[in-house]
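For reference, the structure is listed below as structure tokens.
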Amino acid sequence: VLREYPRDYVIFHQMMRADVVGVNTTKINVDCTRPEDLTRAEIEGRAQAWEVVNCLIRYIPGFESSYLLAFSDVLGVRETRRVVGLATLTREHVMSGAVPADTIAMSCYPIDIHDPRKAGPHLEVLAKPYGIPYGCLVPQKVANLLVAGRCLSATQEAMASARVMANCMAMGQAAGTAAALCARARVRPGDLEVDALRRVLRQDGAIL
């Protein structure tokens, strides 16, 4: 029923409705900087999803009358390019639980690397949370630009922890707030007073 591809597990997510389950098990290895690869991946991902649906209906008790409710709107890309910022998040930073003075978001998600050559993920659970520095959002060579999410300045291993949705939302809040403060003070992102940014983020409920 299932073609062979490098994934040997199924993740079920509990959804808002008791009779709906989210299924995370497709895996496509392509170069997502190439539009033609993205198109091929969109097609392949949907083909894999249908295979999983049919397998669940056929073999797994409780799924006999189930049906596909929805696909993801777009392909979920884990990694492509990243900027080189004023600071770079590293594996050592993540694993040690470092919280630098310019922290704009906290994370406790493990290092979660999905090697395209292997079926299972490589997981390293963290002993304590770490802080994502503001400098990771500020490119070294591009003025008046802030980045947030999977393009932050980070090594591959550190990005495998920082890339998840809650972290991306927290970085987005920090980048948006920083942009507003820069416009108000008429300064570039690299010259922004980070303590002022952290004060506003705390006032707005950010976890620092």
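The values are calculated or read from the model by the stated rules, or taken from the named source; none is laboratory data. Please read all numbers here as calculations on a predicted model, not as lab measurements. A quick note on method: Cβ atoms are made from the backbone with ideal geometry, for glycine too, and the neighbour counts reach across all protein chains shown. Calculation scope for accessible area: heavy atoms of the full protein, side chains included, ligands and nucleic acids excluded. Shrake-Rupley method; radii C 1.70, N 1.55, O 1.52, S 1.80 Å.
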Matching entry among Ala206, Ala143 (being at pLDDT 95 or above, in contact with a helix residue (DSSP H, G or I) (Cβ under 9 Å, 6 or more places away or on another chain) and either open to solvent by less than 50 Å² (accessible area, probe 1.4 Å) or part of a loop (DSSP other than H, G, I, E, B) (or both))
Ala206
Val30 versus (1) of a type in the set (A, V, I, L, M, F, W, C); (2) within 21 Å of Thr80 (Cβ to Cβ); (3) over 22 Å from the mean Cα position of the chain (by Cα): which is the lone unmet condition?
(3)
Give the number of residues within the stretch 153-166 that are closer than 14 Å to Glu79 by Cβ and within 9 Å of the chain's Cα centre (by Cα).
6
If I ask for residues that are within 21 Å of Tyr109 (Cβ to Cβ) and open to solvent by 30 Å² or more (accessible area, probe 1.4 Å), which ones from the stretch 171-197 would you list?
Gly172, Gln173
Scope the stretch 100-119; condition open to solvent by 30 Å² or more (accessible area, probe 1.4 Å), at pLDDT below 95 and over 18 Å from Met165 (Cα atoms); matching residues:
Pro116, Arg117, Lys118, Ala119
Of the residues that make up the stretch 43-52, is at least one touching a helix residue (DSSP H, G or I) at 6+ places or on another chain (Cβ under 6 Å) and open to solvent by less than 70 Å² (accessible area, probe 1.4 Å)?
no
Within the set of pairs 6+ apart or on separate chains, which have a first residue in the stretch 82-99 that is under 21 Å from Cys151 (Cβ atoms), a second that is of a type in the set (D, E, K, R) and outside any loop (DSSP other than H, G, I, E, B), and C-beta atoms under 7 Å apart?
Arg91/Glu157
Looking only at the stretch 156-170, which residues are of a type outside the set (A, V, I, L, M, F, W, C) and open to solvent by less than 50 Å² (accessible area, probe 1.4 Å)?
Ser161, Arg163, Asn167
What pairs come out if I take residues in the stretch 1-26 that are under 18 Å from Ser65 (Cα atoms) and pair them with residues that are of a type in the set (Ser, Thr, Tyr) and open to solvent by 90 Å² or more (accessible area, probe 1.4 Å) whose C-beta lies under 9 Å away, six or more apart or interchain?
Val1/Tyr59
Given the conditions (1) touching a residue at least 24 places away in the same chain (Cβ under 8 Å); (2) surrounded by fewer than 17 Cβ atoms within 10 Å (Cβ to Cβ), report the number of the one that Val125 does not fulfil.
(1)
Any chance Val23 is open to solvent by less than 90 Å² (accessible area, probe 1.4 Å), more than 21 Å from Cys168 (Cβ to Cβ) and part of a strand (DSSP E or B):
yes
